[in-house]
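Data block below; observations after.
The values are calculated or read from the model by the stated rules, or taken from the named source; none is laboratory data. All values reported here derive from a predicted model rather than from experimental measurement. Virtual Cβ from ideal backbone geometry, glycine too; neighbours counted across all protein chains shown. For the accessible areas, the whole protein counts, side chains as well, though only heavy atoms, and no ligand, DNA or RNA atoms are used. Shrake-Rupley method; radii C 1.70, N 1.55, O 1.52, S 1.80 Å.
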Amino acid sequence: MDTLLHPSTSSMAKRPCPSSAENPMLPSSFSQMDNLLLSFLSLSDSSPPVSLDLSFDRLLESAPSDADQSLLIDRAHNLGSLLLRAANRSARKRASLHNSIAWALPPDLTIKVFSMLDSQSLCYAAATCSMFNKCAMDPLCYANIDLTTVVPKVNNAVVSTMIQRAGKSFRSLKLGIVPGPTSSPGSCQPLVYSIRNSVDVSSFSWNDKKTRQGKESSILTRSCLYPLSGDNGAAGTLLRRLHLYNIERMDNASFCVALAACPSLLDLEIVGLHVELRQTLISVSSNCHLIERLFFESSKTGRDDSLKSPTCVDLVNNCPNISSLSLRGFKLQDYKVRILVKGFRKLKYADFSTSYLISGTFLRNLGSGFGGNLLEVLILRDCMHLKEVEVARFLTAVLAGDFKFLRYLDISNREGLASEGDWYQRSYNSSIIPLKQVLEVRPNICLLAEFPSEGCYIDIDHMFDSDVNSEISLPSQLSSHTSDGSLLMSSSESSYNSDQGSGNEEYQVSGFVIYEESSDEVDFLVV
């Protein structure tokens, strides 16, 4: 002990250390320090702690000056810290050795298992032991990065670090705030984040939730995707799937820069970002020609009417491989939707839920010819302008043998369907829609038609404002009803399966003839 703490003090008698010759149990390679440390650690645990204190006090008293005493105390602190670090390091080594023996899988299979974990679980595994940490640093483990959380706790630095670790194995990135475990991407449930659906309300108070909501915008900023375009876009070139949820500070300019760096993107999902539909689709059609799935849910339902017909045409021409298209919560006119649905020849999944201006006329003539005939899933949930007569005609076409691949249809509406003459009059239990007949003839179709039992409150002013600003004028269709409630169409209406009257009058499908849109529309300006 004396030698360890104060080896240079001549006035202190040195205690003889046991040598290898005196103790044959000690290895011959032991140095003097090894022997000294062994003597110190050989002290009996049963000896009173006060004896160690008294011994240290005697050493201090033997020091010739106050400065020497301070130096002795500092040396005791340093030696104690060094000994503690050495013990911790040795404990980790022994634990890692034990795990490597007890763990049944070799490192390559361990890395394969870790690559299947979500990013948070991977971090937990990496913190377990040195062996797991080494395996978790393999780039393959970061090929599919999932940093989605229920509450904000990921920042830009974490995103950058994960992408750097992935290296050339980088394939997928999911990032942002997902409303909760009950919502899943691709479902009909809205994924836009709000304080009321952010987390389980039983876990903390309303004030806590407001605090967390305020923090979320300062964690992930518009620069969170810069690593995709950095290093000449090396990371973005490898990316195949990009899912972004409720990143409040993301803007058009930053998002377009990120898309420009992702030419191999196959799957793009955007929820709750404050980016414009038209600008986003322009970027996709310009840079992501291989894309197969596009999911875009507006952060401001019913207010984004930026989409233009030429943008739809460019998207169809430049991205012909799209088989799944979801545009939820936008102001979409029927003729624009028809350009998309008829144009994508491989389209199997279409979701236009909560699209405010869709009346259903785009459905005409989709079941025959190219475009729309391969549809397997069609979701028109809560489209406020959707007319019951157009739904009836669509289902009549299904009964006639069109849409042979259709297996899922959702026409549910919390406000009921719009009546033919005046869409302010809502239909909650339509007798002209052949639901039972369709289920009998096509039992393989899952048909959802959920309507309220009676009228609900509708924001008439909001509806009227949208109706006035609509870019199109839909011709009314005449229909008559038989005594059994089935739908009869006149000879002029029976052209449902022909090209006449198959969409808005200002648009013709053949050749994608696009009429000039109103000149008073203001182009989006990137701030």
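See the values below:
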item	result
Test: residue in the range 112-120 that is part of a helix (DSSP H, G or I), among the β-branched types (Val, Ile, Thr) and surrounded by 10 or more Cβ atoms within 10 Å (Cβ to Cβ)	yes
Some residue of the range 462-469 being in a loop (DSSP other than H, G, I, E, B) and either modelled with pLDDT of 50 or more or on the phi < 0 side of the Ramachandran plot (or both)	yes
Search result, residues across the range 116-130 that are of a type outside the set (Asp, Glu) and closer than 20 Å to Val154 by Cβ	Leu117, Ser119, Gln120, Ser121, Leu122, Cys123, Tyr124, Ala125, Ala126, Ala127
Which listed residue, of Phe344, Phe352, is within 23 Å of the chain's Cα centre (by Cα) and within 23 Å of Leu265 (Cβ to Cβ)	Phe352
Candidates Ala76, Ala86, Ala95, Ala91, filtered to the one that is part of a helix (DSSP H, G or I), modelled with pLDDT under 90, within 30 Å of Asp146 (Cα to Cα) and open to solvent by less than 60 Å² (accessible area, probe 1.4 Å)	Ala95
Of all residues making up the range 232-271, the number that are acidic (Asp, Glu), modelled with pLDDT of 95 or more and crowded, with 19+ Cβ neighbours inside 10 Å	1
Residue within the range 260-275 that is closer than 24 Å to Ala350 by Cα, among the small types (Gly, Ala, Ser) and in a loop (DSSP other than H, G, I, E, B) present	yes
Enumerated strands (runs of 3 or more DSSP E) restricted to the range 292-397, each holding at least 2 residues that are among the β-branched types (Val, Ile, Thr) and in contact with a strand residue (DSSP E or B) (Cβ under 9 Å, 6 or more places away or on another chain)	377-379
Condition met for Lys168 (closer than 15 Å to Asn246 by Cβ, modelled with pLDDT of 75 or more and either open to solvent by 40 Å² or more (accessible area, probe 1.4 Å) or in a loop (DSSP other than H, G, I, E, B) (or both))	no
Selected residue (criterion: nearest to Val159 (Cα to Cα)) from residues of the range 284-299 that are open to solvent by 10 Å² or more (accessible area, probe 1.4 Å) and in contact with a helix residue (DSSP H, G or I) (Cβ under 6 Å, 6 or more places away or on another chain)	Asn287
All positions within the range 217-231 that are more than 14 Å from the chain's Cα centre (by Cα) and either over 17 Å from Leu290 (Cβ atoms) or surrounded by fewer than 24 Cβ atoms within 10 Å (Cβ to Cβ) (or both)	Ser217, Ser218, Ile219, Thr221, Arg222, Ser223, Tyr226, Pro227, Ser229, Gly230, Asp231
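Listed here are the residues, each with its yes/no results for (1) within 35 Å of the chain's Cα centre (by Cα); (2) in contact (Cβ under 8 Å) with a residue 40 or more places away in the chain.
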{"position": "Phe403", "(1), (2)": "yes, no"}
{"position": "Arg426", "(1), (2)": "no, no"}
{"position": "Ser430", "(1), (2)": "no, yes"}
{"position": "Asn444", "(1), (2)": "yes, no"}
